[in-house]
Amino acid sequence: LSSMLRNGLRGIAGVTVTDTGETLCGIVTFTVEGVPAAEVKGQLAQRGISISISAASSGGSRVWYDRRGLSEVLRASPHYYNTEEEVERFNSVLDSVLRERA
């Protein structure tokens with residue numbers, strides 16, 4: 001599910017997946033160009049989708065953030081009880097939110 005989510009996110013204009021490494025875990029992190037993380041989180045929450053924000057200022061690895069020129073990322077955590085349909089909905093809703101904003 002996480003791979004499916006990452007692939008879908010990569011197809012949305014302005015979204016950058018920030019996960020690194022050869023082997024990736026189930027947590028998916030990303031940014032949206034020009035849109036504050038709190039705004040994205042709020043817009044998704046209004047549509048019944050829960051994500052979180054991970055920030056260097058709240059205990060994240062300062063080195064990891066600094067190397068990427070970031071201060072925060074959005075964090076989605078698909079789990080065993082999620083479905084492919086929910087991942088597709090996540091990507092579709094995020095894409096719609098960003099298109100409405102443009």
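Observations on the model:
- Relative contact order (%) - the range 47-102, alpha-carbon pairs under 8 angstrom, separation at least six: 34
- The orientation-averaged projected area of the convex hull spanned by the Cα atoms of the chain comes to 6.5 nm².
- Overall, the accessible surface of the range 18-85 at a probe of 1.4 angstrom is composed of carbon and sulfur to the extent of 48 percent.
- Computed over protein heavy atoms with a 1.4 Å probe, the accessible surface of the chain works out to 60 Å² per residue.
- Cβ-defined net charge surrounding Leu24, 15 Å radius [Lys, Arg +1; Asp, Glu -1]: +1
- Taking a point 7 Å out from the Cα of Tyr80 in the direction of its Cβ, the residues of the range 24-51 whose backbone N falls within less than 16 Å of it are 26-27.
The values are calculated or read from the model by the stated rules, or taken from the named source; none is laboratory data. Only a predicted model underlies this, so the values are computations on that prediction, with no experimental measurement involved. Here the Cβ is made from the backbone with ideal geometry for all residues, glycine too, and neighbour counts use every protein chain on show. In case anyone asks, the SASA skips ligands and DNA or RNA and just uses the protein heavy atoms, side chains included. Shrake-Rupley method; radii C 1.70, N 1.55, O 1.52, S 1.80 Å.
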